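> Okay, here's the structure, questions in a sec.
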Amino acid sequence: MADSSFDIVSKIDRQEVDNALGQTAREIATRFDFKGTGATIEWQGEHAIEITASADDRASAVLDVFKDKLIKRKQSLKILDASEPRPSGQQSKIGIALKEGITSDDAKKISKLIRDEGPKGVKAQVQGDELRVSSKKRDDLQAVQQLVREADYDFAVQFTNYR
């Protein structure tokens, strides 16, 4: 019987993030506590979002609304790398970078975890910014998925290409 395998990746569902951003923009446009604060949230290129408001606490409140929308759309908050509010003229801004992909160091950490604590006969190999895990037994692969989910990394992980 051939080996079964799956990939461990860290990808952003850009459509869901865009939907969450749109919902946040609509909510801050209609909420009473954001009236007159000049609060906005918008894309800054492919992998960055900027929040602008008249005060630090209002900018942080917009960030909280955005996080709530992401959670409702089943997106991990680990994809966000938000800066502290910074003054910019009369306004306060928060820059948010979106993290995607597994670095080689992080892939090595996951691979070591699988080797040390995972079932015997499971192989993990790094392929670019993802990790391919293979085994003869599907039950072992499910045990590895559980193991990786329980290990709390500072990046989001998804399991794809299960076969």
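> Could you tell me whether the stretch 52-73 includes any residue that is within 30 Å of residue 135 (Cα to Cα) and either more than 15 Å from the chain's Cα centre (by Cα) or of a type in the set (D, E, K, R) (or both)? Talk me through it step by step, then tell me what you get.
We begin by selecting, within the stretch 52-73, every residue within 30 Å of residue 135 (Cα to Cα); these are none.
So far as the stretch 52-73 goes, no, none of its residues is within 30 Å of residue 135 (Cα to Cα) and either more than 15 Å from the chain's Cα centre (by Cα) or of a type in the set (D, E, K, R) (or both).
> While we're here: Test of understanding: among 134, 104, 92, which residue is touching a Pro at 6+ places or on another chain (Cβ under 7 Å) and either among the hydroxyl-bearing types (Ser, Thr, Tyr) or crowded, with 16+ Cβ neighbours inside 10 Å (or both)? Outline the logic, then answer.
Working: 134 fails: touching a Pro at 6+ places or on another chain (Cβ under 7 Å); 104 fails: touching a Pro at 6+ places or on another chain (Cβ under 7 Å).
Step by step, each of 134, 104, 92 is checked, and only 92 is touching a Pro at 6+ places or on another chain (Cβ under 7 Å) and either among the hydroxyl-bearing types (Ser, Thr, Tyr) or crowded, with 16+ Cβ neighbours inside 10 Å (or both).
> Now for a separate question. Filter the stretch 121-136 down to the residues that are of a type in the set (D, E, K, R) and modelled with pLDDT of 90 or more, then identify the one that is farthest from residue 10 (Cα to Cα).
Taking the stretch 121-136 as the starting set, the residues that turn out to be of a type in the set (D, E, K, R) are 123, 129-130, 132, 136.
Next, from what is left, pick out any that are modelled with pLDDT of 90 or more: 123, 132, 136.
Details: 123: 19, 132: 13, 136: 25 Å.
The residue in question is 136.
Per-residue answers, yes or no, for (1) polar (S, T, N, Q); (2) over 17 Å from residue 20 (Cα atoms); (3) assigned to a helix (DSSP H, G or I):
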position	(1), (2), (3)
68	no, no, yes
81	no, no, no
105	no, yes, yes
116	no, yes, yes
126	no, yes, no
140	no, yes, yes
146	yes, yes, yes
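> Next question, about the same structure. Looking at 135, 111, can you tell me which residue is small (Gly, Ala, Ser) and in contact (Cβ under 8 Å) with a residue 24 or more places away in the chain? Don't jump to the end; show me each part of the working.
Numbers: 111 fails: in contact (Cβ under 8 Å) with a residue 24 or more places away in the chain.
After applying the criteria, what remains is 135.
> So, in the stretch 56-106, of the ones that are at pLDDT below 90 and small (Gly, Ala, Ser), which residue ends up farthest from residue 157 (Cα to Cα)?
The residue in question is 89.
> I would also like to ask the following. Looking at the structure I just gave you, is residue 111 out of contact with any His (no Cβ under 9 Å at 6 or more places or on another chain), surrounded by 15 or more Cβ atoms within 10 Å (Cβ to Cβ), part of a helix (DSSP H, G or I) and polar (S, T, N, Q)?
Taking the combined requirement at face value, the residue satisfies it.
> Within the stretch 60-68, can one find any residue that is of a type in the set (Phe, Trp, Tyr), more than 14 Å from residue 10 (Cβ to Cβ) and either surrounded by fewer than 18 Cβ atoms within 10 Å (Cβ to Cβ) or outside the structural domain of residue 24 (by TED's automatic domain parsing) (or both)? Reasoning before the result, please.
First pass over the stretch 60-68, keeping only residues of a type in the set (Phe, Trp, Tyr): 66.
Still in the running and more than 14 Å from residue 10 (Cβ to Cβ): 66.
Next cut, either surrounded by fewer than 18 Cβ atoms within 10 Å (Cβ to Cβ) or outside the structural domain of residue 24 (by TED's automatic domain parsing) (or both) only: none.
So far as the stretch 60-68 goes, no, none of its residues is of a type in the set (Phe, Trp, Tyr), more than 14 Å from residue 10 (Cβ to Cβ) and either surrounded by fewer than 18 Cβ atoms within 10 Å (Cβ to Cβ) or outside the structural domain of residue 24 (by TED's automatic domain parsing) (or both).
> Do the conditions hold for residue 151, that is, is it in contact (Cβ under 8 Å) with a residue 12 or more places away in the chain, loosely packed, with under 15 Cβ neighbours inside 10 Å, within 23 Å of residue 11 (Cα to Cα) and aliphatic (A, V, I, L, M)?
Values: in contact (Cβ under 8 Å) with a residue 12 or more places away in the chain: yes; loosely packed, with under 15 Cβ neighbours inside 10 Å: yes; within 23 Å of residue 11 (Cα to Cα): yes; aliphatic (A, V, I, L, M): yes.
For residue 151, the condition - in contact (Cβ under 8 Å) with a residue 12 or more places away in the chain, loosely packed, with under 15 Cβ neighbours inside 10 Å, within 23 Å of residue 11 (Cα to Cα) and aliphatic (A, V, I, L, M) - is met.
The values are calculated or read from the model by the stated rules, or taken from the named source; none is laboratory data. The shown structure was predicted, so the numbers you read here are calculated from the model rather than taken from an experiment. When we count neighbours, we look across all protein chains shown, and the Cβ atoms used for this are built from the backbone with ideal geometry, even at glycine.
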